[in-house]
């Protein structure tokens, strides 16, 4: 049985701009308060051009897929991007250098996903440059606590904050579910 979002994904090149227009609207302000997991993956995979299971798991842990989420630490949107995160992404990824904080408001879904993807890739590269193996748990911890803390944990045997330890467990749970759903979709489409 083919699901509606699978059809949209197959026709992504044509449908994604229309789908995003319906979500974001002519004013640039989101008409929706949250996305479903399928909507997230369709948009993310069209933008990132790859599997978005890890980004989906992080978005679920960060905001419960709420487009309007704002934390007490001034993190915004579905991926909970901070000003520091935006600055780090601008310094690392050429396709983000022209992005402004206002762009997170104009196109919050797509831009947040790009920034989060960039930060994960950058964190992995920083870990490698520091002779630290970028494991899945460490990458997830770096998204929450920062790459410097994650590296210190490995190099000096320091414990990560309890909040980050719990965050890693939550993201791993969501990541497992996302991979399971992707496998089911793959099998159904064979």
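Rule-based calculations on the coordinates, nothing more; no lab input. Just so it is clear, the model here is predicted, and its values are computed rather than measured. Cβ coordinates were reconstructed from backbone atoms using ideal geometry, including for glycine residues, and neighbour counts include every protein chain displayed.
Observations
- Under the shape rule built on the C-alpha gyration tensor, where the axes satisfy a ≥ b ≥ c, segment 113-190 is prolate, since a/c reaches at least 1.5 and a/b is greater than b/c.
- Estimated distance in nm for a label pair at residue 34 and residue 70, the labels positioned 7 Å out from Cα along Cα-to-Cβ: 1.9 nm
- For segment 66-171: rounded, prolate or oblate by the Cα gyration tensor [a/c cutoff 1.5]: oblate
- The stretch between residue 166 and residue 48, if pulled fully straight at 0.36 nm per residue, gains 39.8 nm over its current Cα-Cα span.
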